Structure formats: structure tokens, C-alpha cells
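The values are calculated or read from the model by the stated rules, or taken from the named source; none is laboratory data. These numbers were taken from a predicted model, which means no experiment stands behind them. Every residue, glycine among them, receives a Cβ derived from its backbone with ideal geometry; neighbour counts consider all protein chains shown.
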């Protein structure tokens, strides 16, 4: 079996090796070194980006917070089996919370995402008094996974909502002011002044 090298590479090899001692100051530009298929695949692998956030930075009991995830194919390659994975959803007391409304399981997976294409999924949660007792914040963590050219690409992001706001009647109704107490007794001294 006769194995021959391609002519351009053969000419380049001859140019480099002939009179190498005489041509020390000459720069020879050649072909870049060949890459293995594994390295070439990593270089051309796609990239998936996850942008995840809440519709409000601060919430109080009774508020509905809408969490939205945007999944974007941020590459020139097609992504397959793109899956949004809810990782955790907790309050400051480390209680595992459940979303009030979320997409059904089949909507969390997209078969194919073209280059530059994106999809959006929303989750909502009704803030409770129990969340507010712990104070701090609600933390929702998401991850997106996809396959591209035989590799798994992924990204993750957290959405944080502060629970530092207080509503007026929480945890007890507001105390009556002096003027309201006077009126309650049926006597208003401000009229006399």
C-alpha cells in the first residue's frame, strides 16, 4: 500500500527542512497543525444560554411572582433535546416550595433549537405569610441542558426575590392612631381646638 502525502504539505516540509541551518532567520508560514476530531468537536460545539428572572424585585404576602426563563441557542449549531430543569425553589427558611403554576413536563423539553432561536417558559408563585416570617428572599434555581454534536452543553441561573417589604396589616392590623381612638369614643377634641 502506497501512502502519499498531499503535495502542498510535501512542498512545505521540503521548504522547512532544506538548508535549515542556512535559513535560520527566515520565517516560514505553514498550515496550522491538525486537530483531533475530539478537539475539533469541542471548538464547534454549540452554546445554550439561560436568562432567568422574576417580574418584581420585592414581594409581600399575597403577591404573585412570575419567574420567566428564556432559553437561547447562542451558537451557529443546532441544539437537540433542550431541557429546562428546575433545580430548587426555597425561601430563607430552606423550605422546599412548589410553584403555583408551571409548564407541564412535556413543555420543559424542546426537540430542536435552531441557531439564534429562543423559547420562553414561565412559572408563578403566590407569596405566603410563612415565606415572609423567615424574611430574606425566595431563591429559584434553573438549569438548561442540550445536546450538540455529541456533547452536552448546559447553563444555569438563579432568580432572587427579596421579601423585605411589609404590607400594612401584617402580621397584625395597624394600631389605631390617637385621633381614631378619640373618634371611636364618640368625642373628637380636634373640633374644639
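For region 63-97, a tally of residues being under 19 Å from residue 140 (Cβ atoms) and without any contact (Cβ under 8 Å) to a residue 40 or more places away in the chain returns 3. Applying the condition of being surrounded by 12 or more Cβ atoms within 10 Å (Cβ to Cβ) and at pLDDT 90 or above to region 103-114 and asking which residue is nearest to residue 161 (Cα to Cα) yields 108. Among the residues of region 141-174, the one identified as closer than 24 Å to residue 123 by Cβ and at pLDDT below 60 is 167. Look at residue 100 and say whether it is more than 30 Å from residue 164 (Cβ to Cβ), at pLDDT 90 or above and surrounded by 10 or more Cβ atoms within 10 Å (Cβ to Cβ). Judged against the criteria, residue 100 is not a match. Residues in region 59-84 that are more than 25 Å from residue 162 (Cβ to Cβ) and surrounded by 13 or more Cβ atoms within 10 Å (Cβ to Cβ): 71, 72, 73, 74, 75, 77, 78, 79, 80, 81, 82, 83.
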